[in-house]
Amino acid sequence: MIDHVSVGVADLEKSAAFYSAVLDTIGMAKLIEKPGTVGFGKSYPEFWINQRPDLSPEKDGGSHVCLRCREKSMVHEFHDVALKHGGTDAGEPGLRSDYKPDYYAAFICDLDGNKLEVVTFLDGSR
C-alpha cells in the first residue's frame, strides 16, 4: 500500500496554485506548506509537490500518478479545471475499456510535464 507520492515541480508557487485548484475537484486540499514542498490530501498529506528549480520536462520526462475519485462527474471536473489552470490534455475523460470494462479516466499534464490521471470505476467495484 502506498502512503504518499511526490512529484517535482520547477516553480513551487505556480504549481501550488495549479494543484490547489485541480486537486480540490477530487476532495483534496493543501494541508502543509514548508520551504520547498507542499502537501495535499484529504486527512493527511498524501500527494506532495517538491521544488526542483532545474527541472526540465524534456530531460527529466516527468512522472505519472493516478488518483482515484468517487464518480464520473469528478473525472470531467478534474480535467476541465486542469486545462483552465494551464495544464495540457493528455487524454479526454472517457471509458478505457482496454484497461478494464468499467475504467473511466482522464489524463492531463501539469505545468512541468508530469502526467496526472484521475479514475473512477463505473461498476463501483474498486
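The values are calculated or read from the model by the stated rules, or taken from the named source; none is laboratory data. Quick caveat, the model's predicted, so the values are computed rather than measured. Don't worry about glycine lacking a Cβ; one is built from the backbone with ideal geometry, like all the others, and counts go over all protein chains shown.
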The listed residue being within 15 Å of GLY8 (Cα to Cα) and either of a type in the set (Ser, Thr, Tyr) or surrounded by fewer than 18 Cβ atoms within 10 Å (Cβ to Cβ) (or both), out of PRO35, PRO101 = PRO35
query = Condition test on GLY86, is it within 14 Å of VAL118 (Cα to Cα) and modelled with pLDDT of 95 or more?
reply = no
query = Say we look at region 104-126 and pick out the residues that are acidic (Asp, Glu) and in contact with a Phe, Trp or Tyr (Cβ under 9 Å, 6 or more places away or on another chain); which of these is surrounded by the fewest Cβ atoms within 10 Å (Cβ to Cβ)?
reply = GLU117
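Condition check ((1) assigned to a helix (DSSP H, G or I); (2) touching an Asp or Glu at 6+ places or on another chain (Cβ under 8 Å); (3) closer than 16 Å to ASN114 by Cβ) across all residues:
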residue: ALA21; (1), (2), (3): yes, no, yes
residue: LEU31; (1), (2), (3): no, no, no
residue: PHE40; (1), (2), (3): no, yes, yes
residue: PHE47; (1), (2), (3): no, no, yes
residue: ASN50; (1), (2), (3): no, no, yes
residue: LEU55; (1), (2), (3): no, yes, yes
request  = Of the numbered conditions (1) touching a Gly at 6+ places or on another chain (Cβ under 9 Å); (2) more than 22 Å from VAL75 (Cβ to Cβ), VAL9 fails exactly one; give the number of that condition.
outcome  = (1)
remark   = When region 8-55 is checked residue by residue, the ones that are modelled with pLDDT under 95, within 23 Å of LEU83 (Cβ to Cβ) and not small (Gly, Ala, Ser) are VAL9, ASP11, LEU55
task = Can you work out which of the residues in region 76-120 that are among the small types (Gly, Ala, Ser) and under 11 Å from the mean Cα position of the chain (by Cα) is nearest to CYS66 (Cα to Cα)?
result = ALA106
task = Go through the residues of region 65-86 one by one and say whether even a single one is in contact with a Gly (Cβ under 7 Å, 6 or more places away or on another chain) and more than 12 Å from VAL7 (Cα to Cα).
result = no
remark   = Of the residues in region 67-79, those that are free of Cβ contacts under 8 Å to residues at least 40 places away in the same chain and surrounded by 15 or more Cβ atoms within 10 Å (Cβ to Cβ) come to HIS76, HIS79
